[in-house]
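The values are calculated or read from the model by the stated rules, or taken from the named source; none is laboratory data. As the structure is a prediction and not an experimental result, all values here were calculated from the model. Here Cβ is always computed from backbone atoms with ideal geometry, including for glycine, and neighbour counts include all displayed protein chains. Surface areas here come from the heavy atoms of the whole protein model, side chains and all, with no ligands, DNA or RNA. Shrake-Rupley method; radii C 1.70, N 1.55, O 1.52, S 1.80 Å.
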Amino acid sequence: MTSDTTEHDHDITGTHAWQELSAHQPHVYAMHLREVFAVDPKRGRELVIDVGDLHIDYSKHRVLRETLDLLVSLAREVDLEGKRDAMFWGEHINTSEDRAVLHTALRLPQGATLKVDGQDVVADVHEVLEAMGTFTDALRSGEWTGHTGKRIETVVNIGIGGSDLGPAMVYQALRHYVDAGISCRFVSNVDPADLVGTLADLDAETTLFVIASKTFSTLETLTNATAARTWLLEKLGVGPDDGAVAKHFVAVSTNAEKVADFGIDTDNMFGFWDWVGGRYSVDSAIGLSVMAAVGKEAFADFLHGFNVVDKHFRSAPLHQNAPVILGLIGLWYNNFWDAQSRVVLPYSNDMARFAAYLQQLTMESNGKSVDAHGHHVTVDTGEIFWGEPGTNGQHAFYQLLHQGTRMVPADFIGFASPTDDLPVDADGSGSMHDLLMSNFFAQTKVLAFGKTADEIAAEGVDSHVVAHKVMPGNRPSTSILAPKLTPSVIGQLIALYEHQVFVEGAIWGINSFDQWGVELGKTQAKELLEVLIDPAAPAAQDDSSTDALIRWYRGERGR
Ligand code: F6P
């Protein structure tokens, strides 16, 4: 728990439900999941929610039905439903920036209406989608060519944070839907190794750059974009005014003026709006590279997937509402069990970047220590997410998950049908996908139920080894299954997590939609750059550590 509080705190701990949950926790803590299942044998079939294509089993959590009732009461006590509706209606719930939060409008179907601040945002969204469709159709058919008349084969998305993680993750997840000979690459880091490595084997004549930046002022993105423009002109052997930039650079941004300043024709700009947060923007024009690769129809399915979960979040009763229940369970461990993190384990290699994507979504949203009114929070906020695809993680960090001293709640994600499969046996009776999924089910089972010392001793294990082999179990997990990793399913999964973030942020009373904590580092980096590169600039820093580090660096660089 945080101790740094003031008398004006948003004191969630004062609510009736919070106090009841505190009193209830020791009772649940004392129970092993083996016992929980023994006294409530139907929970494996009943503590499940089906939403869209997602089958979600939350029975292997350290919650009793009474716990769930109390958590739902907590949600009611802070008027979660009212707060949710305020978001969907476009109220300015991002108070520190005085903005609506309307990523859900990005996936409303054509014909729906939502007026915000007097403007029909759904019409605006579909106008941009249509422009994206026209452009990507031209790319995919070969009608749009590069400066020398060759068709585009590679789209390089240059962006960072939400302007990179979403499209990069989704592109990889939808590898099997890439169908027009256009592949994508993603450059984000201001470390030149990223751009240089990415461009090394590319042909400038067949490469298109999508410069993706909501603000069009992000240092990393503009620096990489400028370097990419230089690369292109050099490779093509043309000058900046020869028209090549217009054929090889398009922009995705909310800032037309800065796009034009950079030299990109605003006719080749795809817009979005200040009510779309960066980490909520993969379903806006920020998804342009994905649309180029998979086509506008698959992109429409992707958006539909989000919308399925949006409708569920908006209308399902709280007890049957997947983002609500999973968000509440996340909060339960975070605040009542002092869990340090949540691990996300997709049993899908194509979802390798999912945990990285969720890190920005959850941690930039809910890593806040003041509430929406600027008062210190009184409880820990901001779940820490991490993870790797199964089965790789099993051979790396699962040891700690199974036998370590910390409880790490886990989200397992798996699919019935594989994106790729290979036979295991020569006769074709087994498949690698079945092998993968047998690991999924085994891990969730072992985490929950473990193996006792008696069971191990009964197998004839040497007595001095028994303690080492005990599998304590009692470690919670959610199992999320879907028939297949489709565009719609990846949309559904993203929305499932977006709304969990909302639920937790709403209960903590924080603003999940600003990110002031990233600003100071940006400003100081700008100031320090001068000190690093200009030998005439005084190296002296206020603190002795930064001072010595900068002197060391300047010395190494001969400055
Ligand atoms: O790191 C802060 C941040 O503003 C993120 O919220 C955002 O996704 C990222 O930078 C990129 O911003 P932009 O799209 O404006 O370049």
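Arrange the residues Asp425, Asp380 by how much accessible surface each exposes, largest first, with a 1.4 angstrom probe.
Details: Asp425 70, Asp380 45 Å².
Listed by decreasing accessible area, they come as Asp425, Asp380.
Among the lysines, which fall within straight-line cross-link reach of Lys115, defined as a Cα-Cα distance under 25 Å, with same-chain neighbours fewer than 8 residues apart omitted?
Lys83, Lys214, Lys311
Measuring from label point to label point, each 7 Å out along Cα→Cβ, what is the Leu528 to Ala416 span in nm?
5.2
Taking all protein chains in place and a 1.4 Å probe, what share, in percent, of the accessible surface of the chain do carbon and sulfur account for? Working shown, then result.
Working: 12550 of 24130 Å².
Carbon and sulfur: 52 percent of the exposed surface of the chain.
Order Glu220, Glu257, most accessible first, counting only protein heavy atoms with a 1.4 angstrom probe. Can you show the working numbers first?
Numbers: Glu220 50, Glu257 140 Å².
Greatest to least solvent exposure: Glu257, Glu220.
Give the accessible area for Phe37 in Å² (nearest 10); use a 1.4 Å probe, count only protein heavy atoms, and leave out ligands, DNA and RNA.
About 40 Å², ignoring ligands and nucleic acids.
Which value in nm describes the separation of the simple spin-label points at Phe397 and Trp337, placed 7 Å from the Cα toward the beta carbon?
1.7
If packing is taken as the average number of other Cβ atoms within 10 Å across a peptide's residues, how do 318-327, 528-537, 115-124 rank, most packed first? Walk me through the numbers before you get to the answer.
Details: 318-327: 22.3, 528-537: 12.5, 115-124: 14.4.
Packing order, densest peptide first, comes out as 318-327, 115-124, 528-537.
For the range 211-251, what is the accessible area per residue in Å², given a 1.4 Å probe and the full set of protein chains?
I get 41 Å² per residue for the range 211-251.
Give the accessible surface of the range 426-550 per residue, rounded to a whole number of Å², with probe radius 1.4 Å and ligands, DNA and RNA excluded.
On the way: 6030 Å² over 125 residues.
Here the per-residue accessible area is 48 Å².
Could you give the length gained on full extension between Thr223 and Trp386, defined as 0.36 nm per residue of separation minus the Cα-Cα distance, in nm?
Numbers: separation 163, 0.36 × 163 = 58.68 nm, distance 2.88 nm.
Taking Thr223 through Trp386 to full extension adds about 55.8 nm, to one decimal.
So how far, in whole Å, is the C-alpha centre of the range 335-371 from the one of the range 432-492?
After rounding, the separation between the Cα centres reads 21 Å.
With every protein chain present, what is the per residue accessible area of the range 1-128 (1.4 Å probe, Å²)?
Numbers: 6360 Å² over 128 residues.
With the other protein chains kept in place, the range 1-128 gives 50 Å² per residue.
Of Val39, Trp144, Thr95, which is farthest towards the positive pole of the range 1-147's charge dipole, taken about the Cα centre with +1 and -1 on the beta-carbons of Lys, Arg and Asp, Glu respectively?
Sorting the options by dipole projection puts first Val39.
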